[in-house]
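Asker: This is the structure, below, for whatever I ask next.
The values are calculated or read from the model by the stated rules, or taken from the named source; none is laboratory data. None of the values given here were measured: they were computed from a predicted structure. Cβ placement follows ideal geometry from the backbone for every residue including glycine, while neighbour counts extend to all protein chains displayed. When the accessible area is computed, the model is the full protein with side chains, heavy atoms only, and any ligands, DNA or RNA have been set aside. Shrake-Rupley method; radii C 1.70, N 1.55, O 1.52, S 1.80 Å.
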Amino acid sequence: MKTNPAHLLTEMVLHPSTSLSQQEADQFLGSHRSFFQDTSMIVDAPSRKWANCLSCGKTHEVTPLNGLLILSCSEQGVEDVIITADELKSVRFNLSGFHSWLQSLFSLQGNIEASEDKVLLGQGTVNGKQRLFIFSQDNSPQARVKLCQDHRANQPVILYLSTTLNNHNQGYDINLTEYLVVQENNLSIDVSSALGVIEDTVLPLENDTQLTSSNFAIELKLTDDKIVLTGTALGSSYPAFKAKKKRSTAISRLLRTLLKLHESDKETTPKTYKQSVLEANYIDPRKNKQNDLAQMDLSQDKRPLSNLCSSLLPYFFTHRYDKDDGLVIEFKSAISQEDWNGLSDSEKQKILASKAE
């Protein structure tokens, strides 16, 4: 079986406790097995106490009997099979070997310090400056931004390993799979190209203070008279509209009104606003004020929004037209971390992908 080395390495890093028999190691690792052993990424694991039965296709416990290892199958007519000790030997992935491999490739100095979600690999030189290298098990944008914030004084370079996420390079992180060099019996990282994406200095993140003080995954807020989207899930702040307009638009006037009405309520809790309330509090900077609510067509009026804001709008409010109450909107100004975690991976990826559009 031919296995993609990048996918194989990623899976082993994510599931390091999974053991392989000698036969499975040969099957999955192929010509790269010696490389994994030489770098101590593969080490011996306790011998298995079970083996695969060729007769029924299941696994059975192996029983020592008179100095022999016996595999017995309960199916009728199947004879006992003698198993050798070598057939029960197994290996497992060794995370510390992987971390040491990274430290060696990037010529890092210092002790490796591993915790549950990150590994401090040591200090390395980037463009003549000392930087702290960190390997992150959590590939989410908010986790990498938080690492950068937590270690800002050490000018961190954050390494992660993913075959499914785009790098979305922010000048301080590297997706190792994009620079993995695969040879017949060896794996390596194109360190020069990888470090080429790292900026000389980790600049302050846009609206960094707001991000660190926010408890929300995504928040719609008014900042310096601009409507922006911010929060830990986005990793920075983004404008809610495509471009600066010479005049306000119907959707911007509506959002400003909703943000004003909702400012004294809990951000993540929806509240219902009838047209009469919206009209009484409507924010309209035009000289010749003309109410938009009666003729508003949200499917058309959304066009000035940025792609990110347009994709997120259904999570902030829903609307309907009532015979007696007119336009009725249910609105909240923030998405909690719990609600964000409840979204499917495809929903999250679609939202995050719209940042770059």
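Asker: With semi-axes √(5λ) of the Cα gyration tensor in Å defined as stated, name the option among [x] 59, 24, 19; [y] 33, 28, 23; [z] 54, 28, 16 computed from the structure displayed.
Answerer: From the options [x] 59, 24, 19; [y] 33, 28, 23; [z] 54, 28, 16, the structure gives [z].
Asker: Moving to a separate point now. Compute the length gained on full extension between THR269 and SER162: take 0.36 nm times their separation in residues and subtract their Cα-Cα distance, giving the result in nm to one decimal.
Answerer: Fully extending the segment from THR269 to SER162 adds 35.1 nm.
Asker: Pairs LYS118/LYS355; LYS302/LYS323; LYS118/LYS221: which are spaced more than 28 Å apart, C-alpha to C-alpha?
Answerer: LYS118/LYS221
Asker: Loop only by DSSP, 12 or fewer other Cβ within 10 Å of the Cβ. Give me the GluC sites (Glu not before Pro) in region 266-345 that pass, ordered by residue number.
Answerer: none
Asker: Would you mind estimating how fast region 22-92 diffuses translationally, via Stokes-Einstein at 20 °C and 1.002 mPa s with the Kirkwood radius over Cα pairs, in µm²/s?
Answerer: 157 µm²/s
Asker: I'd like the orientation of helix 250-262 relative to the chain: the angle between its Cα long axis and the longest Cα principal axis, in ° from 0 to 90, rounded to 10.
Answerer: Value to nearest ten degrees: 80.
Asker: Between the helical axis of 5-14 and the dominant principal axis of the chain, each derived from Cα atoms, what acute angle in degrees is found, rounded to the nearest 10?
Answerer: With rounding to tens, the tilt is 80 degrees.
Asker: Between THR249 and VAL191, 0.36 nm times their residue separation minus their Cα-Cα distance comes to what?
Answerer: Gain on stretching THR249 to VAL191: 16.0 nm.
Asker: Protein chains only, probe 1.4 Å: how do HIS7, HIS60 rank by accessible area, largest first?
Answerer: HIS7, HIS60
Asker: Tell me the net charge near PHE135. Cut-off is 14 Å between Cβ atoms, PHE135 excluded, with +1 for each Lys or Arg and -1 for each Asp or Glu.
Answerer: Its environment carries a net charge of -2.
Asker: Subtract the Cα-Cα distance of ASN66 and SER115 from 0.36 nm times their separation in residues, and report this length gain in nm to one decimal.
Answerer: Result for the pair: 13.0 nm of gain on full extension.
Asker: Anything over 21 Å Cα to Cα? Flag those among LYS260/LYS348; LYS274/LYS348; LYS58/LYS89; LYS242/LYS274; LYS146/LYS271, in the order listed.
Answerer: Violating the 21 Å Cα-Cα cut-off are LYS260/LYS348; LYS274/LYS348; LYS242/LYS274; LYS146/LYS271.
Asker: Would you mind calculating the relative contact order of the chain from Cα pairs under 8 angstrom and at least 6 residues apart, reporting the percent as a whole number?
Answerer: Taking the mean separation of contacting Cα pairs over the length of the chain, I get 11 percent.
Asker: Can you pull the one-decimal nm distance between simple spin-label points at GLN349 and ASN52, each 7 Å off the Cα toward Cβ?
Answerer: A separation of 3.0 nm, rounded to one decimal place.
Asker: Assuming R0 = 35 Å, can you tell me the calculated FRET efficiency for the pair ASP284 and ASP339, based on Cβ-Cβ distance, to the nearest 0.05?
Answerer: According to the calculation, E is roughly 0.65.
Asker: So for region 108-158, what are the equivalent ellipsoid semi-axes in whole Å, largest first, each being the square root of 5 times an eigenvalue of the Cα gyration tensor?
Answerer: After scaling each eigenvalue by five and taking roots: 18, 13, 8 Å.
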